[in-house]
Every structure is written in structure tokens, then in C-alpha cells.
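Asker: Before I ask anything, here is the structure I am working with.
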């Protein structure tokens with residue numbers, strides 16, 4: 001299909017909407033076809049958009065955060081909670097576990113192990129304490 005796009009692009013007026021769409025697709029080709037190489041990647045973003053809808057519906061809460069920094073912190077926390085949901089991890093238990101580990105001196109070099117999608121949490125998603 002990529003070769004077809006490239007061939008058709010040569011026969012179109014360069015300023016036409018079709019040519020612009022083909023150039024856009026060709027510029028983003030690797031991203032557009034990534035799902036073909038990795039079965040974990042969705043072909044569209046519908047699942048992510050559905051998961052983010054509750055955040056958008058609650059976005060007005062950020063207006064009452066008191067200041068820009070408070071709103072940014074609220075948005076960060078809301079994003080992490082939704083990420084937990086997407087990974088089948090209980091946000092409440094995840095946050096309690098992460099805070100306990102940080103308070104007890106978790107090494108900064110291993111912070112990536114505390115993210116909601118880390119195998120530490122997703123492996124135990126069947127555990128009722130960690131499951132969403």
C-alpha cells in the first residue's frame with residue numbers, strides 16, 4: 001500500500017487535499033503500521049479514548065484545584081489512576097504500595113518498576129488486593 005501511495009502522489013496536484021493526506025500517511029507510516037508487527041497494539045485508539053472519557057467528564061474538578069500546580073497534580077494523579085484501570089490494577093492498592101515503597105527509600109534508579117504497567121503489578125492482577 002505504501003508503494004501505491006507513493007505512486008499516486010506523483011500524479012496528484014501537490015496542494016490537493018488528497019496529496020496532503022497521502023503525504024501525512026507516508027510521514028507517519030511506521031506508526032500507522034506498527035500494530036501489524038506487535039499484536040498488543042490496537043489498530044485504533046477507541047479503547048484509550050473510552051478509558052479517558054471519565055477523566056474528561058471530571059475535568060471541571062481541575063478548575064477548583066486552587067492553582068495551576070494543583071490542577072497539574074490532579075491531572076497527573078487522574079492519569080495514573082486511569083492507567084491502573086487499563087492494566088487491571090487496583091489504583092488504591094497500587095498507590096498505597098508505591099507510597100510505602102517510596103517512604104521506605106525505594107532507589108531512584110528503579111522507579112520504572114513502580115509504574116502501573118510494571119510486571120510487579122500486572123503479574124498479580126489476579127490478586128484481589130491488586131486487581132481493579
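Asker: Assuming R0 = 25 Å, can you tell me the calculated FRET efficiency for the pair residue 4 and residue 37, based on Cβ-Cβ distance, to the nearest 0.05?
Answerer: 0.80
Asker: Fully extended, how many nm does the chain gain between residue 25 and residue 110 (0.36 nm per residue separation, minus their Cα-Cα distance)?
Answerer: Full-extension gain reported as 26.8 nm.
We did not get these values from a lab; they are worked out from the coordinates using the rules stated. Bear in mind that the values here come from a model prediction, so they are computed numbers and not experimental data. All Cβ positions, glycine included, derive from the backbone under ideal geometry; neighbour counts span all protein chains shown.
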